[in-house]
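What follows is a set of notes on a single structure, which appears directly below.
None of the figures in this text is laboratory data; all of them are computed from the coordinates on show. Please read all numbers here as calculations on a predicted model, not as lab measurements. All Cβ positions, even for glycine, are placed from backbone atoms using ideal geometry, and neighbour counts span all protein chains on display.
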Amino acid sequence: MKVKKAVIPAAGFGTRFLPYTKAQPKEMLPIVDKPTLQFIIEEAIDSGIEEILIITGRNKTSIENHFDRSIELELELERTGKTELLREIRKISDMANIHYIRQKEPLGLGHAIYCAKSFIGDEPFAVLLGDDIVYSKKPCLKQLIEVYDVYKTTVIGVQEVPKEDVNKYGIINGKYLDNNVYMIKDLIEKPSVEAAPSNIAILGRYIITPAIFDILEKIKPGKHGEIQLTDALRELVKSEAMYAYDFEGRRYDLGDKQGFLEATVEYALRRNDLRDNFLKYLTEIVERETKEELLDEIASGAEEN
Ligand code: G1P
């Protein structure tokens with residue numbers, strides 16, 4: 001069966017980005033001038049997804065408005081002859097069939113996915129997490145769908161992470177087959193460095209079979225007292241084959257300020273309209289910092305003498 005539906009959980013509190021996230025969902029944080037959620041939705045559409053369900057929490061209005069039409073804005077852009085912008089704005093609202101459902105209580109990622117049960121029905125579906133955006137030649141989700149089309153069962157997007165970071169991710173225990181595919185034997189949510197079976201981490205992209213819903217319905221809260229998707233997948237792998245795909249692409253961890261800043265700088269440098277001036281600016285500040293550091297060193301050396 002073809003993968004046509006995707007679920008995007010966007011109901012977290014975004015505590016790591018307070019105060020911004022007090023009244024704004026963190027999924028609306030922009031990378032240069034595009035909300036991160038739009039990157040995710042574009043990836044889904046470019047991968048062949050036709051229906052998208054966004055699981056929202058509080059503060060969902062700006063998400064709905066962003067992907068809805070804005071007639072006043074369109075008229076204004078038309079009146080002032082800003083056709084390029086007008087096309088861009090129209091594209092956003094024409095992107096796909098986007099549906100919304102509200103997760104009433106923040107009970108964890110597994111619970112958020114469970115909220116998609118009736119929307120998904122009895123089909124395999126994609127999950128894209130907003131904290132991970134991937135810059136790649138072929139959309140990350142498309143890479144996973146191609147693997148799904150071969151194996152016809154759950155496929156999870158993974159990449160190696162530094163050993164000391166395993167406690168931030170779901171980690172797989174797998175057997176390497178070939179072509180960057182692993183057969184998963186087990187998964188564990190945020191293990192300690194000592195307990196981790198590998199440093200191959202789940203990075204926010206999944207194709208999952210609908211059998212997950214029966215498991216999510218019954219599963220007990222796990223790490224941090226939350227219903228964990230990884231725990232449900234761990235149950236699922238006992239009854240169905242499951243694969244991981246080490247996808248191609250530069251992945252940014254937007255759940256983290258450093259990752260967010262790296263994405264901002266690198267996406268700006270990829271833009272023809274920004275690259276030259278921005279690069280000049282970056283070079284200048286690095287030179288200035290280095291020079292000031294040298295001057296400080298010289299000055300402190302002089303003090304010591
Ligand atoms: C979630 C998942 C985790 C996965 C991570 C990827 O964790 O539970 O398995 O590795 O996303 O970003 P979170 O970052 O939401 O705590």
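Just want the answer: with Cβ charges of +1 for Lys and Arg and -1 for Asp and Glu, which residue in 286, 263, 24 is farthest toward the dipole's positive end in the chain? The listed residue farthest towards the positive side: 24. According to the square roots a ≥ b ≥ c of the eigenvalues of the Cα gyration tensor, what is the shape class of the range 99-150, taking rounded for a/c under 1.5, prolate for a/b larger than b/c otherwise, and oblate for the remainder? Taking the square roots of the gyration eigenvalues as a ≥ b ≥ c, the range 99-150 is oblate.
When +1 charges are put on Lys and Arg Cβ atoms and -1 charges on Asp and Glu Cβ atoms, the dipole computed for the range 65-165 relative to its Cα centre reaches about 200 debye. Is the C-alpha gyration tensor of the chain telling us rounded, prolate or oblate? Criteria: a/c under 1.5 is rounded; beyond that, a/b larger than b/c is prolate, otherwise oblate. Oblate, since a/c reaches 1.5 and b/c is not below a/b.
Global dimensions of the range 237-305 from alpha-carbon coordinates: Rg and Dmax equal 21.5, 73 Å. Note on the chain: dipole from Cβ charges, positive end direction compared against 80, 151, 182; the farthest Cα belongs to 151.
The trypsin sites (Lys or Arg not before Pro) found in the range 1-44 that occupy coil by DSSP, while having at most 16 further C-beta atoms within 10 Å, are 2, 4. When +1 charges are put on Lys and Arg Cβ atoms and -1 charges on Asp and Glu Cβ atoms, the dipole computed for the chain relative to its Cα centre reaches about 1160 debye.
In the chain, if the dipole is taken from +1 on Lys/Arg beta carbons and -1 on Asp/Glu beta carbons about the Cα centre, which of 227, 204, 245 is farthest to the positive end? Going by the charge dipole, the pick is 227. Of the GluC sites (Glu not before Pro) found in the range 38-129, the ones in coil according to DSSP and having at most 14 other Cβ atoms within 10 Å of their Cβ are 50.
Panel order for 99, 111, 66, 224, by other beta carbons found within 10 Å of each beta carbon, from fewest to most: 224, 99, 66, 111.
Sequentially through the range 16-30, phi angles give Karplus couplings (6.51, -1.76, 1.60; θ = phi - 60°) of 6, 10, 5, x, 3, 7, 4, 10, 10, x, 5, 5, 9, 4, x Hz, Gly and Pro residues having no value and appearing as x.
Counting DSSP beta bridges with both partners in the range 110-253, what percentage is antiparallel, nearest 5?
85
Sort the range 131-235 into rounded, prolate or oblate with this rule: let a ≥ b ≥ c be the square roots of the eigenvalues of the Cα gyration tensor; rounded if a/c is under 1.5, and if a/c is not under 1.5, prolate when a/b is larger than b/c, oblate otherwise. In terms of gyration-tensor shape, oblate.
Summarising the amide proton neighbourhood of residue 187: residues at separation of 5 or more, or on other chains, whose placed amide H is nearer than 5 Å comprise 173. Distances between placed amide hydrogens fall under 5 Å for residue 170 paired with 190, 202, all partners being 5 or more residues away or on another chain. Translational diffusion of the range 64-139, estimated by Stokes-Einstein from the Kirkwood radius over alpha carbon pairs at 37 °C in a medium of 0.692 mPa s, is 208 µm² per second. Across the range 97-108, coupling constants 3J(HN,Hα) worked out from phi with the 6.51/-1.76/1.60 Karplus curve, θ = phi - 60°, read 7, 10, 10, 10, 9, 9, 7, 6, 10, x, 9, x Hz, and Gly and Pro carry x.
Where the centre of each part is set by its Cα atoms, how far does the range 41-63 sit from the range 261-296, in angstrom? If we compute the Cα centre of each part, the gap is 33 Å. Charge dipole (Cα centre; +1 on Lys/Arg Cβ, -1 on Asp/Glu Cβ; no other charges) of the range 180-225 amounts to roughly 80 debye. GNM on the chain, C-alpha springs below 10 Å: top fluctuator among 29, 141, 77? Looking only at 29, 141, 77, the biggest GNM fluctuation is shown by 77.
Considering only 238, 82, 138, the Gaussian network model of the chain with Cα springs below 10 Å gives its largest mean-square fluctuation to 82.
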